[in-house]
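Presented below is the structure to which this report refers.
The values are calculated or read from the model by the stated rules, or taken from the named source; none is laboratory data. Keep in mind the model is a prediction, meaning the values are calculated, not measured. Positions of Cβ are backbone-derived with ideal geometry, glycine not excepted, and every protein chain shown enters the neighbour counts.
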Amino acid sequence: MSLAPQISVVIPVYNEGEAIVRCLDRILREVMMPAEILVVHDMPEDTTVPYALEVQARDPRVRPVLNAYGRGPANAIRFGIDAARAKVVVVTMADGCDDPQQIDDLVRLVERGVAVAAASRYMPGGAQVGGPLLKGLLSSLAGRSLRVFARIGTRDATNSFKAYSTEFVRQVGIESRAGFEIGIELTAKARRARQPVAEIPTIWLDRQQGVSNFKLAKWIPKYLRWYFFAYGRPLTLSALAARVSTEKD
C-alpha cells in the first residue's frame, strides 16, 4: 500500500466538464507536497468524471470519488474529508477562483498546530476581484465583525478555501448538509473549542467560465446560524461532537 499523502485536496464538483482539466493541472503544477486530489462528484454521469479520469491516467494523484452522503456541495465536502488519507485536508473550488499556490502554505500552518488555516480576502495583501457586490459586502462584514467581536482568528470565516486538521474535523463533526457554509461552521467550532485559527492573504478571482452554484438568498440563513454560533461560550471537542450525534438521532 502506498504511503499516505501529506495533503488531501477536496474539490466538490458539479458538471464542470472539460473546465476541470485546467483546475486540476494548476493544482498539480503548484502543490509541491505529496498530495492526493479528491474530485468529489454526486452522480456517475456527472460531466466532470471523464475529464477527471483523463487527468488521473497521467497523474495518479488525482482520485475521482463518488459522494455517497447525498447531493450538494456540503455533502460532497463531508464525504471528501471522510475519504481523505492525509492529516491535513484542503477544501478548494473547481471554478478556478482560488490560488493553488497557497495550498502548501495553508498546510504548513496546520502542521504547525492550528486547527483551521484560512485564505483571507479581507486581510492586508488580500483582495476579491469580481463577483456579486452584495455577496462580497455581506461576506466582508461577517468576516471582519467575527474577527473583532468573536476573536475568531480570521477576517474571512466564510471563504471555503481553507486547510483543516483532519483529526479536528473528525473530532467535532460537520452538521452542514447544504451549501458552502462548512467553512464558517468549522471556523466557528474551532473558536468555541478554543482551537487556534490562522490566516494568510489571498486574491480571489471571479470564475471565468460557467455559472456559479452559490445561491445567496437560500443560504444566508445557514451562514447566519454559524455566525451567531461563533459568539457562544467555550465547548469541549466532545460536546461539539455530541451535537452531530444528536442531529443524527
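At a glance:
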| item | result |
| --- | --- |
| Residue among Ala83, Ala19 that alone is small (Gly, Ala, Ser), more than 23 Å from Asp206 (Cβ to Cβ) and out of contact with any Asp or Glu (no Cβ under 7 Å at 6 or more places or on another chain) | Ala83 |
| Strands (runs of 3 or more DSSP E) contained in the range 1-73 and holding at least 3 residues crowded, with 21+ Cβ neighbours inside 10 Å | 7-12, 35-41 |
| Qualifying residues in the range 156-184 (those that are crowded, with 24+ Cβ neighbours inside 10 Å and charged (D, E, K, R)) - the one farthest from the chain's Cα centre (by Cα) | Asp156 |
| Close pairs from the range 129-145: first more than 19 Å from Asp99 (Cβ to Cβ) and of a type in the set (Lys, Arg), partner crowded, with 17+ Cβ neighbours inside 10 Å and at pLDDT 90 or above, Cβ under 7 Å, at least 6 apart | Arg144/Tyr122; Arg144/Arg155 |
| Within the range 71-99, tally of residues that are on the phi > 0 side of the Ramachandran plot and either in contact with a helix residue (DSSP H, G or I) (Cβ under 6 Å, 6 or more places away or on another chain) or at pLDDT 95 or above (or both) | 1 |
| Matching residues in the range 74-93 - criterion: being under 19 Å from Ala19 (Cα atoms) and within 10 Å of the chain's Cα centre (by Cα) | Val91, Thr92, Met93 |
| Any hit, the range 130-148, residues being under 14 Å from the mean Cα position of the chain (by Cα), part of a helix (DSSP H, G or I) and either under 25 Å from Leu235 (Cα atoms) or at pLDDT 95 or above (or both) | no |
| Only one of Val116, Val110 that is surrounded by 24 or more Cβ atoms within 10 Å (Cβ to Cβ), at pLDDT 95 or above and touching a helix residue (DSSP H, G or I) at 6+ places or on another chain (Cβ under 6 Å) | Val116 |
| Among the residues listed as Val110, Val169, the single one being of a type in the set (A, V, I, L, M) and touching a residue at least 60 places away in the same chain (Cβ under 8 Å) | Val169 |
| Qualifying helices (runs of 4 or more DSSP H) (wholly inside the range 174-249; at least 1 residues being aromatic (Phe, Trp, Tyr) and at pLDDT below 85) | 216-229 |
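Okay, residues lined up against (1) out of contact with any Gly (no Cβ under 7 Å at 6 or more places or on another chain); (2) over 29 Å from Ser176 (Cα atoms); (3) in contact (Cβ under 8 Å) with a residue 12 or more places away in the chain:
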site: Leu3; (1), (2), (3): yes, yes, yes
site: Val9; (1), (2), (3): yes, no, yes
site: Glu30; (1), (2), (3): yes, yes, yes
site: Ala35; (1), (2), (3): yes, no, yes
site: His41; (1), (2), (3): yes, no, yes
site: Glu54; (1), (2), (3): yes, yes, yes
site: Ala68; (1), (2), (3): yes, no, no
site: Arg71; (1), (2), (3): yes, no, yes
site: Ala74; (1), (2), (3): no, no, yes
